[in-house]
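The values are calculated or read from the model by the stated rules, or taken from the named source; none is laboratory data. Nothing here was measured: the structure is a model prediction, and the numbers come from that model. A quick note on method: Cβ atoms are made from the backbone with ideal geometry, for glycine too, and the neighbour counts reach across all protein chains shown. Calculation scope for accessible area: heavy atoms of the full protein, side chains included, ligands and nucleic acids excluded. Shrake-Rupley method; radii C 1.70, N 1.55, O 1.52, S 1.80 Å.
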Amino acid sequence: MQAAWSVAQRRLHWAMAGLVAANFLLALVMVALPLSALLAKILAYQLHKSLGLLLIPLWVWRLWLLLRRGRPAPVTLPGWQQGAARLGHGVLYVLLIAVPVLGFLTGAAAPAAVETIFFLILPIPHPFPPNQALYDVLRPLHQGVAWGLVLLAAGHGAIAIHHHRRGLPILRLMWRGR
C-alpha cells in the first residue's frame, strides 16, 4: 500500500472527472439543439462521442495504475463507511467504462448511420450496422447509466467535501497528494 496517490493517479482522477462533467453538459446541449442548427448539432455529437471515446484509454490507464500502485492506506472511518466507499468506488469504475462503451454502441446502432470521427480526424469503424431495435434499447440504457454516473460522482464529491470539512485528509490526498 502506498503512502499517497501518485501524481498520475491524481491527474487522471481530475481529468476524468472534468471530462465526464463536460461531456454530460455537452450531451444536454446537443440534444436540445434544434434540427435547424444541424451543423452545430452534428459537431456537438461528434465532440461528445470523441470525449466519450477518450475516457476509455484513460480508464484503462487509471485501472492499470490502481492495480500496479494500489491506493493509500484508508483514512480511519467506521467500518460501514469504508465498505460503502469501496462499493461506491467499484460502481464508479464500472460506470466510467460502461457509459462510453454504451455510447459508442448507441452511435453504431443509430438509424441515422452517422460515422464516428474521433475529433474530426480519425474515423472509428462501428462494430455493426445501424439497427433501430438495438438503438431503441441502447439509447435509454446509455442515458440512464450516464445519469447514474453523474449522480454517483456528485455524491462522491459531496462526501469528499463533507469529510474534508470534518478535518479528514481524503480530499487533500486526492488534490495535493499529502
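Matching residues to (1) charged (D, E, K, R); (2) touching a residue at least 60 places away in the same chain (Cβ under 8 Å); (3) in contact with a Gly (Cβ under 8 Å, 6 or more places away or on another chain):
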{"position": "Leu92", "(1), (2), (3)": "no, yes, no"}
{"position": "Thr116", "(1), (2), (3)": "no, yes, yes"}
{"position": "Pro129", "(1), (2), (3)": "no, no, no"}
{"position": "Tyr135", "(1), (2), (3)": "no, no, no"}
{"position": "Val150", "(1), (2), (3)": "no, yes, no"}
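Considering only the range 119-178, how many residues are open to solvent by less than 70 Å² (accessible area, probe 1.4 Å), assigned to a helix (DSSP H, G or I) and either in contact with a strand residue (DSSP E or B) (Cβ under 8 Å, 6 or more places away or on another chain) or of a type in the set (D, E, K, R) (or both)?
Adding up the residues that qualify gives 1.
Kindly provide the set of residues from the range 3-58 that are surrounded by 12 or more Cβ atoms within 10 Å (Cβ to Cβ) and of a type in the set (S, T, N, Q), ordered by number.
Ser6, Gln9, Asn23, Gln46, Ser50
Residues in the range 26-45: is at least one more than 12 Å from the chain's Cα centre (by Cα), in contact (Cβ under 8 Å) with a residue 40 or more places away in the chain and under 23 Å from His162 (Cβ atoms)?
Within the range 26-45, none of the residues are more than 12 Å from the chain's Cα centre (by Cα), in contact (Cβ under 8 Å) with a residue 40 or more places away in the chain and under 23 Å from His162 (Cβ atoms).
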